[in-house]
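The values are calculated or read from the model by the stated rules, or taken from the named source; none is laboratory data. What you are looking at is a predicted structure, and each value in this text was computed from that prediction instead of being measured. Cβ placement follows ideal geometry from the backbone for every residue including glycine, while neighbour counts extend to all protein chains displayed.
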Amino acid sequence: MAASTARLPFTSRQLSLVWLGLLPFFLFAFAFLIAPAASLLIGSFRDSQGALTFQNFIDLSTPSIRNAYWLSIRVSAVTAVVGGAFGFLLAYAVTQAGLPAWVRTGLITFCGVASNFAGVPLAFAFIRVLGRAGVISQALKNDAGVDIYQLGFNLYSFAGLSLTYFYFQFPLMVLIMAPALDGLKREWREASANLGATAIQYWRLIALPILMPSILGTMILLFGNAFGAYATAFALTGGSLNLVTIQIGAQMRGDVLHNPGLGYAMALGMVAIMGGALGLYVWLQRISERWLR
Amino acid sequence: MKKRASLWGWFWVLLGVVYFLVPLVGTFTFSLEMKRDVLSFASYQAVFADPDFARTFLFSNQMALLTIIGSLALFVPTAYWVHLKVPHLRPVVEFITLMPFVIPAIVLVFGMIKLYKNPVTIGSLTLIQAPTNSVLGTNMLLVAGYIVLAMPYMYRAVDTGLRAMDVRSLTEAAQSLGANWFTIIVRVILPNLRAALLSGALLTFAIVVGELTLANFLDRPAFGPYLWLLGQHRAYEPAALSIISFSLTWAAMGMIFLVSRGRGGQGQVAGAH
């Protein structure tokens with residue numbers, strides 16, 4: 001009897017026991033991931049008096065909130081596309097351009113470090129180098145007579161924040177693209193060369209179309225990486241730059257929107273954008289798996 | 001043709017190296033200039049002499065250790081069970097482990113505070129007093145939040161490690177020798193996962209020790225908030241601490257590289273930015 005039930009995978013008794021093995025995980029995920037998110041969701045449909053309302057989502061279109069989303073999206077998109085392009089070129093350089101192997105090992109290791117070196121220390125390093133009293137800013141001013149702040153550069157602005165974000169953005173691209181570039185088969189290049197294709201034709205017609213889903217997918221990952229970033233931006237600008245994460249932080253400190261529900265709706269707006277990005281990423285990942293690996 | 005490509009390759013690598021190194025070198029040289037007219041490690045001595053540094057750094061390391069232990073205790077049995085017994089639930093579990101990608105740290109801590117600043121109740125029955133009112137409760141929330149942040153990387157590290165071995169045969173062999181579930185996981189599965197788990201643990205360490213967002217809003221005396229506060233009214237010590245943080249990240253990543261040598265660099269991507 002016992003032996004025969006053990007062979008049937010889906011008897012109801014076994015299923016209930018088997019489920020129990022995952023119970024701690026599901027409980028944990030519920031308590032610290034799903035329930036907090038759900039609580040924000042419920043809160044976003046309540047007004048200050050606790051009555052049901054959709055007003056909070058309509059209020060997301062007020063100028064200051066719309067600008068915050070727009071700035072966050074722009075910073076994330078610019079650092080994803082430019083950082084992604086530069087990361088791709090670097091990954092290309094160490095995988096395809098015939099550089100010695102130690103360059104690749106060194107660069108990949110360094111990228112692993114840099115993609116994790118973020119937050120407060122990164123912001124401080126950039127302030128130290130490119131802030132108003134930074135090493136480079138001062139050196140340029142005193143030695144070369146060029147005051148970059150007079151010329152319109154400001155570390156505590158869109159350009160400065162983007163420049164800082166690049167530090168963890170393009171290493172991530174290198175880390176993901178290097179294996180993808182390794183996946184290009186030598187036969188493809190040889191076959192195209194046999195048919196008379198130039199190197200440019202090979203890249204334009206074969207390699208780039210094959211790599212495109214993973215390039216775009218990784219850029220989406222970079223977008224999400226920057227979009228959710230709080231610590232770096234906060235440490236760099238002290239909260240003066242109007243990003244969504246900074247606004248949510250200010251709202252948590254002291255209800256600056258004078259409406260808790262609106263704060264929850266802002267947080268959910270972030271989740272919606274990140275969810276859309278991740279969905280796109282998963283879809284592109286499926287396409288790229290057809291060719292690579 | 002080949003030669004030109006190589007030249008471009010060098011050009012891009014050089015550009016990358018310059019961009020990588022300039023902030024580090026600039027910060028490092030600045031950190032040596034605390035004493036007028038001489039280069040010295042005075043700023044580093046000042047940092048190490050500060051009792052707040054020792055206190056917050058110890059606290060963050062404790063939190064990192066608890067996070068690593070907690071995520072191992074949670075994810076190893078879960079991933080093992082999914083492999084062995086409930087493969088049809090794999091999509092559900094994987095979906096949950098990817099959710100932290102969609103919920104940024106600031107949103108996570110927002111939701112946690114909203115939920116746990118009140119007592120946990122079912123109807124009129126109070127299960128737990130408001131967790132944010134006690135030190136223990138807030139520390140537990142912090143560690144739980146860190147486990148959530150580390151979840152995508154940690155779970156994947158364990159999952160990849162399990163894929164690389166024959167879980168079913170190992171389990172059956174252990175069972176036929178009379179091992180119980182605890183023995184199987186601790187003495188058969190864990191030793192085979194050593195490299196994968198070490199990478200995951202080091203990565204978690206790198207994320208947690210300097211983390212600002214959760215520690216700041218849960219108001220914990222951690223290293224990240226200390227570093228930020230120091231930066232508001234000092235010049236040389238924060239530079240020294242940035243270099244120390246970087247060296248720590250470097251050490252963690254270097255060890256991951258040694259542990260997972262020759263298995264590609266994809267597993268080491270994370271970060272609490």
For region B:195-216, state whether one or more residues are surrounded by fewer than 20 Cβ atoms within 10 Å (Cβ to Cβ), at pLDDT 90 or above and touching a helix residue (DSSP H, G or I) at 6+ places or on another chain (Cβ under 6 Å). no
Here is a check on your reading of the model: is B:Phe53 of a type in the set (A, V, I, L, M, F, W, C), closer than 24 Å to B:Ala222 by Cα and either outside any helix (DSSP H, G or I) or over 24 Å from the mean Cα position of the chain (by Cα) (or both)? no
Name the residues in region B:59-110 that are of a type in the set (A, V, I, L, M, F, W, C), surrounded by fewer than 22 Cβ atoms within 10 Å (Cβ to Cβ) and not in a helix (DSSP H, G or I), would you? B:Val86
Could you tell me which residue of region B:217-239 is farthest from the other protein chains (Cβ to nearest Cβ), considering only residues that are under 15 Å from A:Ala231 (Cα atoms) and at pLDDT below 90? B:Gln232
Among the candidates A:Thr79, A:Thr109, single out the residue that is facing chain B (nearest Cβ under 8 Å) and either of a type in the set (Lys, Arg) or touching a helix residue (DSSP H, G or I) at 6+ places or on another chain (Cβ under 9 Å) (or both). A:Thr109
Those residues of region A:42-69 which are small (Gly, Ala, Ser), touching a helix residue (DSSP H, G or I) at 6+ places or on another chain (Cβ under 6 Å) and away from chain B (no Cβ under 14 Å), in sequence order: none
Here are B:Leu136, B:Leu141, B:Leu162: which of them is exposed (fewer than 12 other Cβ atoms within 10 Å of the Cβ) and part of a helix (DSSP H, G or I)? B:Leu136
Give the residue, chosen from A:Leu71, A:Leu41, A:Leu33, that is within 29 Å of A:Leu161 (Cα to Cα), of a type outside the set (Ser, Thr, Tyr) and assigned to a helix (DSSP H, G or I). A:Leu71
If I filter region A:118-134 for residues that are at pLDDT below 85, part of a loop (DSSP other than H, G, I, E, B), within 25 Å of the chain's Cα centre (by Cα) and buried (at least 23 other Cβ atoms within 10 Å of the Cβ), do I get at least one hit? yes
Return yes or no: is A:Phe227 within 9 Å of chain B (Cβ to nearest Cβ) and either under 18 Å from the mean Cα position of the chain (by Cα) or modelled with pLDDT under 90 (or both)? yes
Exception for B:Leu98 within (1) away from chain A (no Cβ under 11 Å); (2) over 30 Å from B:Thr183 (Cβ atoms) falls at (1)
Go through B:Val86, B:Val92, B:Val82, B:Val76 for me and flag whichever is within 30 Å of B:Glu172 (Cα to Cα) and touching a Lys or Arg at 6+ places or on another chain (Cβ under 6 Å). B:Val82
Does A:Gly249 satisfy the condition of being part of a loop (DSSP other than H, G, I, E, B) and over 27 Å from A:Ala85 (Cα atoms)? no
So A:Val256 clears everything in (1) in a helix (DSSP H, G or I); (2) more than 21 Å from A:Phe170 (Cβ to Cβ) except one condition, right? Which one? (1)
Go through region B:73-110 and give me each residue that's of a type in the set (Gly, Ala, Ser) and under 25 Å from A:Phe223 (Cα atoms). B:Ala105
Select, from A:Met219, A:Met270, A:Met212, the only residue that is within 11 Å of another protein chain (Cβ to nearest Cβ) and either aliphatic (A, V, I, L, M) or within 29 Å of A:Leu122 (Cβ to Cβ) (or both). A:Met270
Anything in region A:152-169 that is modelled with pLDDT under 90 and either hydrophobic (A, V, I, L, M, F, W, C) or in a helix (DSSP H, G or I) (or both)? List them, or say none. A:Phe153, A:Leu155
Go over the candidates B:Pro119, B:Pro104 one by one and state the one that is more than 8 Å from every other protein chain (Cβ to nearest Cβ), free of Cβ contacts under 8 Å to residues at least 40 places away in the same chain and in contact with a Ser or Thr (Cβ under 9 Å, 6 or more places away or on another chain). B:Pro119
Are any residues in region B:111-132 buried (at least 24 other Cβ atoms within 10 Å of the Cβ) and among the aliphatic types (A, V, I, L, M), and if so, which ones? B:Met112
If only one of A:Ala197, A:Ala235, A:Ala229 is outside any helix (DSSP H, G or I) and either of a type in the set (Ser, Thr, Tyr) or within 19 Å of A:Phe166 (Cα to Cα) (or both), which one is it? A:Ala229
So which of B:Ile185, B:Ile243, B:Ile189 ends up being under 30 Å from B:Leu136 (Cα atoms) and either touching a helix residue (DSSP H, G or I) at 6+ places or on another chain (Cβ under 7 Å) or buried (at least 17 other Cβ atoms within 10 Å of the Cβ) (or both)? B:Ile185
Among the residues that make up region B:16-32, is at least one of them more than 8 Å from chain A (Cβ to nearest Cβ), more than 20 Å from A:Ile108 (Cβ to Cβ) and surrounded by fewer than 17 Cβ atoms within 10 Å (Cβ to Cβ)? yes
With the requirement that a residue be among the aromatic types (Phe, Trp, Tyr), surrounded by 21 or more Cβ atoms within 10 Å (Cβ to Cβ) and under 19 Å from the mean Cα position of the chain (by Cα), what does region A:83-117 give you? A:Phe88, A:Phe117
Of all residues in region A:230-251 being at pLDDT below 90 and out of contact with any Leu (no Cβ under 9 Å at 6 or more places or on another chain), which is nearest to the other protein chains (Cβ to nearest Cβ)? A:Gly238
